[in-house]
Amino acid sequence: MVGNDRANTPTDAEQLAQRYRTLVEHSPDGVVVHERGTIVYANPAMLRLLGAERNDEVIGQPVANFVMARDVPAMLERIRRLTIAGTASEPAELVLVRCDGSTVEAETVSVLTAWHDRLAYQVVVHDLTPQRRAEAAQARAEQFFTTVVSQLEEGVVVIDREGRIESANPAARRIFGYDADDLVGTHINDIPLCLLDANAQPMSPSWYPVIRTLATGETVTRFVFGVDRPDGQRRWLSASSRLLNPEDPNSAAVSSFNDITEFRASRRQLEYQATHDPLTGLANRSLVLSRLAAALGTSESLPVSTVLFIDLDGFKSINDTLGHAIGDTVLQIVAQRLQRGLRSDDIVGRIGGDEFLVLLSGRTLGEDLEALITRLRQTMAEPIIARGHRIQVNASVGITPLHPGDGRTPEAVLHDADLAMYRAKPPGHRDSTLSRRSDSTHAS
């Protein structure tokens, strides 16, 4: 009994062969064996790949029947080079012809082996259809991406790890003022563009958004910077940058940016209009009071030392007799004369009608201040020629000094300066001033 059991026990070689056959039968790749050009074995995956429903559709058939004719010579040459058992050919692609005449792309590796003690060739066949589909989908996605990006008004550039530009869409080239050949392949530090920070100061390359992204992996959004182009134009951009693949720290980075030059100019224009008098271009009441509030909020030495309230004597009669158009011209000329007579760090504004408020910096009551007021009054009293009319206007000036910690509000300072101006007016003009204050129809 013992002897019979030993006789029935598989040898190690038989066990190994059995495991190999199991692996081949369940392999997801096709496996076919051909001897002298005739197929003697095909695993289930190979039968499915060839579209065979039965073994006899494949077994006993010439292997060349299932290979595209143009690929047969190369296949035979690869087989011819296999002269030592166990050697394998290099992977090669060919087109298989299925039982129904359709074709499928595959990658094959041939091995010189033995089949029932005779030399044969075992071929492992990998179906390339899923890979080709994935490649086609990738190609379509890349083409779609390229098409979409090329149509964007937003500039888009891709920068590799070394800081060289891999691609730049037409909008980027248009915004920067360069051709594609001048950008692609160039290191961003070598492009002769002057980049500016939000305050129009030259920006260090280490602060370029895309450089920060490449160095740290962080995403940068809404970064505003300026570009001085080769043609002399300055454009303002809002940029974002991020890694193309956030999961790969060695990924290239993509930077996108919008040209906000017109938007920035429009916003500044709106800000200017909100804080300046449209007739004279001087600071308006709101801006002057806000600057005064800032000065009063300073705990130590005040940036503004003195407030002047200036009112034109008899201006209402100019409007009444010559018309508002001439009155407006007078106000514009007076504003120009005030600006010319003051220092650049003084603030002059029109707070309504013919009333002007001046915030003097660094001057206190004394001979210098008195001399300044005298010069201003003399300058404003010089004759004005407006539409053929010779007009002379005089100004009354109220003076209010400021002191750190005096506790007044801007409105209180304005009131005190107004009273000082009223007291400084010639007696004949005081009543008309009070009458005008009660009248809502001031000159523009």
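Please verify whether the stretch 208-219 includes one or more residues that are in contact with a helix residue (DSSP H, G or I) (Cβ under 7 Å, 6 or more places away or on another chain), among the acidic types (D, E), more than 18 Å from A168 (Cα to Cα) and surrounded by fewer than 19 Cβ atoms within 10 Å (Cβ to Cβ). Yes, the stretch 208-219 has at least one match. Can you name every one of the strands (runs of 3 or more DSSP E) wholly within the stretch 141-215 that holds 1 or more residues which are of a type in the set (D, E) and at pLDDT 80 or above? So the answer is 165-168. Here E271 meets the list (1) part of a loop (DSSP other than H, G, I, E, B); (2) at pLDDT 85 or above almost entirely, failing just condition (1).
Could we say that A253 is more than 30 Å from V304 (Cα to Cα), surrounded by 12 or more Cβ atoms within 10 Å (Cβ to Cβ), in contact with a helix residue (DSSP H, G or I) (Cβ under 9 Å, 6 or more places away or on another chain) and not polar (S, T, N, Q) here? Criteria met by A253. Pull up the stretch 97-130, narrow it to residues that are in contact with a helix residue (DSSP H, G or I) (Cβ under 6 Å, 6 or more places away or on another chain) and not in a strand (DSSP E or B), then point me to the one that is farthest from T87 (Cα to Cα). Out of the qualifying residues, it is C99.
Scanning the stretch 337-361 for residues that are over 42 Å from the mean Cα position of the chain (by Cα) and over 17 Å from M421 (Cα atoms) returns R337, R340, G341, L342. Scanning the stretch 82-110 for residues that are touching a Leu at 6+ places or on another chain (Cβ under 6 Å) and loosely packed, with under 13 Cβ neighbours inside 10 Å turns up A85, T87. For the residues A252, A265, the requirement of being touching a residue at least 40 places away in the same chain (Cβ under 8 Å), out of contact with any Cys (no Cβ under 9 Å at 6 or more places or on another chain) and closer than 22 Å to F176 by Cα singles out A252. The residues of the stretch 381-412 that are at pLDDT below 90 and of a type in the set (K, R), listed by number, are R387, R408. Number of residues in the stretch 343-372 that are surrounded by fewer than 19 Cβ atoms within 10 Å (Cβ to Cβ) and either free of Cβ contacts under 8 Å to residues at least 40 places away in the same chain or closer than 19 Å to P401 by Cα (or both) equals 14.
Take the conditions at pLDDT 90 or above, out of contact with any helix residue (DSSP H, G or I) (no Cβ under 8 Å at 6 or more places or on another chain) and either assigned to a helix (DSSP H, G or I) or over 13 Å from L282 (Cα atoms) (or both) and apply them to A325. Does it pass? Yes, satisfied.
Residues of the stretch 175-207 being over 19 Å from T261 (Cβ atoms) and within 17 Å of the chain's Cα centre (by Cα), which ones? I188, P205, S206, W207, listed by residue number. Only residues that are within 15 Å of S110 (Cβ to Cβ) and either surrounded by fewer than 20 Cβ atoms within 10 Å (Cβ to Cβ) or in contact (Cβ under 8 Å) with a residue 60 or more places away in the chain (or both) were counted across the stretch 39-62, and they come to 3.
The values are calculated or read from the model by the stated rules, or taken from the named source; none is laboratory data. In this text, all values refer to a predicted model and were calculated from it rather than measured experimentally. All Cβ positions, even for glycine, are placed from backbone atoms using ideal geometry, and neighbour counts span all protein chains on display.
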